[in-house]
Each structure stands twice: as C-alpha cells, then as structure tokens.
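Worksheet: the structure to be examined is printed underneath.
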2 protein chains.
Amino acid sequence: MDYPHLAEHKLSSEDILKGNFLHARRDVVSLPDGSQATREYIIHPGAVMIVAQLGDGRLVLERQYRYPVQDVMIEFPAGKLDPGESSLACAQRELLEETGYSARQWARAGMLHPVISYSTEFIDIWFARELSLGERKLDAGEFLDVFTASPAELLDWCGKGRITDAKTLTGALWLQNVQSGAWALDWQTPAL
Amino acid sequence: MDYPHLAEHKLSSEDILKGNFLHARRDVVSLPDGSQATREYIIHPGAVMIVAQLGDGRLVLERQYRYPVQDVMIEFPAGKLDPGESSLACAQRELLEETGYSARQWARAGMLHPVISYSTEFIDIWFARELSLGERKLDAGEFLDVFTASPAELLDWCGKGRITDAKTLTGALWLQNVQSGAWALDWQTPAL
C-alpha cells in the first residue's frame, strides 16, 4: 500500500445477496480518519476479453443484446473465468465457444477494472492472431452475432458513440497504441 | 431495435436487493427462441466523468482507495447524477467538489457503459478547460488526493498497467484521439 492515508480496512463482512447470477456483500470498514462506513459490492470471479485479429488485420467482434442497458452492443469476445481456470485457458475457450476461432499466438496486453466502486471484477485483455475458424458452441440461452471490422472502422465507431462498452473501448485504446508501436505485446505460442 | 433476432423482452421484474448503496433487480425475460431466462442487474442513476485540462496541457487526476478492488486507483474525477440533475450540472458540481476546479468551457465527448452484463450504469464523458482553482468540498467519508499529470504520462501509465480503471482508460482513448485531431469536440461556454 503506497498511500496509507487513503486506505480502508475491513471490520466485518456479510452476504446481502445470493442470486442466481449476482452475489453481493456488505462490509463495515474503518476510514482513514478512524470513522466507519459500509461498502456494498458485487463479488465477481474475473473475466477475459480477446482482441482477435485476422491475417488481413480485421477484428473479430460480436453483436449481443445486453438486457441491463436494453440495447444491442458491439463488443470484443469476452467471458468469465471458470473456477480454477487460467486466464489464457479462459480466453482460448471463450473465443472458440463464442466465435468458433482458435488462435496459434496469444499475448496478454493488460487488465481493466470495469467498475471499481461496486464490483471486484477485473478483465484480462488478450490479443490473439494466426486464427483458424472452426465451429462455435454457444451456451444454452446465448444469442450473439459474430462479424469482423477493420481497426479504422472500430475506432470510428468508438468516436461516434456506436461503441460504448467500456471493455471494448479499452481494447480499442490498446489496439491503437499497439498499431502505432507505442505499446509492445509479448507474443507466445502456447502448446496445443 | 436494429437486430430483433437478438432482443430479450421483459416478462416480470422484482427487487432482489435494496441496500444502503446497491439496488438490484431480477427480471424474467423471453429469449429470441421463445425460451425464458432470468436477468439480475444493478439499477444505477448514471454518472459523469471529467477530463479537465490545465492551460499547460496537464490533466486533473485523483488517487482514491477503491474498496472492492482493495487498491488505490488513479482516476479522472467522476460522480453520480443527483435526481433531476443534468449531466453538465453534475460534471460541474463533481469537478468542483472533488478537485476545487471550475471550468469556463465544456464539451460532451461521448458515453460509456462500464458493465453491460449486470448494471444499467452509463457514464457521460465531459472535457473541461479554462480552469480556475477554488476550494474543494469532499463529502463526509470521502478521502482522495488530487494531482496532475501530462497526457504522455497518463498514456504511459495506461500502457504499463498502472491505470486499470475502465472509465479512465476510456478517457485516455478520447484524449489521444482529440489530441491527434481524429475526433472533434464541440466546446460550449455555459452561462454562469
């Protein structure tokens, strides 16, 4: 902890929601001035997102209806970690299940926290290349379109408000800086 | 709705959590194939984020401990809409309360959805310039440091994983593309 004058410390913790999908907790914490407050937040196992690029530079994207925002969103493929699953294994599984693509080369770019005020969720950002197309295996009740777009189209949609999903906007930031050479990726070829 | 083959429709809705801070609902929905599923999500009033730039180009940033991720995060100033409050009024209020700065010129850049799978939250992205420094008025129990950084430092921290907050990463994407001239802002000078 580099900034102890900002830190909050747990005094107690309880479940306040165990839903089918959402799990929320409420903690009582001590604040930097010694007073107390409650913090309510969603417990999340973490997730991955995949920026998968075809040989011609086009990106693998999805269109999916997102009920909480009542709209069809354009997104990079993404999904939650299964218990005990590594981040790379999850990225390989989600890309294949949702889009049908497998990738020979992978690079972990970084990480994002979508909502630091009320969720523990993190999303690992993976780049994938040398793709081959097989058959996708959507979960029951999962409906999404897979399509491709050029990096220029993607960035245009971000600037025009057609893409508003924070993880996808963050993927666009990574893509733009990797393409310009400002940020470097460390590519690996995982064993099959 | 451009993609009716992806849409989900509400059949019923109930509160599943009314906490001090979090409000969650569970809806039963019909899926595109006619089957049913439940959707659980956080109800959020919406928020704003401010990319405020000083005359020398430096950006106004905050360091704040974020309990759900158990770390001090670097962020652009941001905050929730009060009931009936306009997005611009919220941005002006939050910038002043958290940092002490007022801005003469404002531009709404766009919007992001931090977590489309389980929250209704949106964040309006505002740019602010021609700043003057007054006195900040933090809420009770709010502890945060205000500091400044150059755009180059900000982008370096994004690429090196020192910034992982999705709204701030999205602000960096906007800043980079506004600076390069790829994306334009429509500046306004609100009446005082």
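The values are calculated or read from the model by the stated rules, or taken from the named source; none is laboratory data. Bear in mind the structure is a predicted one, so any value in this text is a computation, not a measurement. As a convention, Cβ positions derive from the backbone with ideal geometry for all residues, glycine included, and neighbour counts pool all protein chains shown. For the accessible areas, the whole protein counts, side chains as well, though only heavy atoms, and no ligand, DNA or RNA atoms are used. Shrake-Rupley method; radii C 1.70, N 1.55, O 1.52, S 1.80 Å.
Below, the figures for the structure above:
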{"quantity": "Label-reachable residues, segment A:14-33, where backbone N falls under 20 Å from a point 7 Å from B:Q70's Cα toward its Cβ", "calculated": "A:14-17, A:23-32"}
{"quantity": "Estimated dipole of the protein assembly as shown in Debye, rounded to 20 [Cβ of Lys and Arg +1, of Asp and Glu -1, Cα centre]", "calculated": "220 debye"}
{"quantity": "Candidate residues B:S30, B:S180: accessible-area rank, largest first, probe 1.4 Å", "calculated": "B:S180, B:S30"}
{"quantity": "Centre separation in Å (Cα based) which lies between segment A:73-99 and segment A:141-192", "calculated": "15 Å"}
{"quantity": "Accessible surface of segment B:14-158, 1.4 Å probe, proportion on carbon and sulfur as whole %", "calculated": "46 percent"}
{"quantity": "Cα-centred dipole magnitude for segment B:1-107, charges only on beta-carbon of K, R (+1) and D, E (-1), debye, nearest 20", "calculated": "140 debye"}
{"quantity": "Point-charge dipole on Cβ atoms (K/R +1, D/E -1) for segment A:121-192, about Cα centre, debye to 20", "calculated": "180 debye"}
{"quantity": "Accessible area per residue, Å², chain A with all protein chains present, probe 1.4 Å", "calculated": "43 Å²"}
{"quantity": "Solvent accessible area, Å² - B:W174, 1.4 Å probe, full protein context", "calculated": "10 Å²"}
{"quantity": "Test item: A:89-96 mean partner chain Cβ contacts at 10 Å", "calculated": "0"}
{"quantity": "Label distances, nm, B:S132 versus same residue in remaining copies, Cβ-directed 7 Å point", "calculated": "6.7"}
{"quantity": "Peptide A:37-49, shielding by other chains (average Cβ, 10 Å cutoff)", "calculated": "4"}
{"quantity": "Debye equation applied to the C-alpha atoms of the protein assembly as shown, log10 I(q)/I(0) at 0.06 Å⁻¹", "calculated": "-0.23"}
{"quantity": "7 Å along Cα→Cβ, label-point gaps from B:G55 to other copies, nm, shortest first", "calculated": "5.7"}
{"quantity": "Restricting segment A:11-95 to chymotrypsin sites (Phe, Trp or Tyr not before Pro) in coil, as DSSP defines it, with at most 16 other Cβ within 10 Å", "calculated": "A:F21"}
{"quantity": "Normalised convex hull volume, segment A:1-83, alpha-carbon set, Å³ per residue", "calculated": "187 Å³"}
{"quantity": "Too-long pairs where the Cα-Cα distance tops 20 Å, listed order kept, from A:K80/A:K167; A:K167/B:K18; A:K167/B:K10; A:K18/B:K10; B:K10/B:K80", "calculated": "A:K167/B:K18; A:K167/B:K10; A:K18/B:K10; B:K10/B:K80"}
{"quantity": "B:D15-A:A107 pseudo-label distance in nm [points 7 Å out on the Cα-to-Cβ vector]", "calculated": "5.0 nm"}
{"quantity": "Signed unit charges on C-beta, dipole axis of chain A, positive-most listed residue A:M111, A:L81, A:L6", "calculated": "A:M111"}
{"quantity": "Per DSSP, loop GluC sites (Glu not before Pro) in segment B:109-158 with at most 10 further Cβ within 10 Å", "calculated": "B:E135"}
{"quantity": "Test item: A:140-149 mean partner chain Cβ contacts at 10 Å", "calculated": "3"}
{"quantity": "Ranked by how many other beta carbons lie within 10 Å on average, peptides B:79-86, A:105-112, B:163-170 from highest", "calculated": "B:163-170, A:105-112, B:79-86"}
{"quantity": "Stokes-Einstein D (µm²/s) once Rh is taken as the Kirkwood radius of segment B:52-192 over alpha-carbon pairs, at 25 °C in 0.890 mPa s", "calculated": "156 µm²/s"}
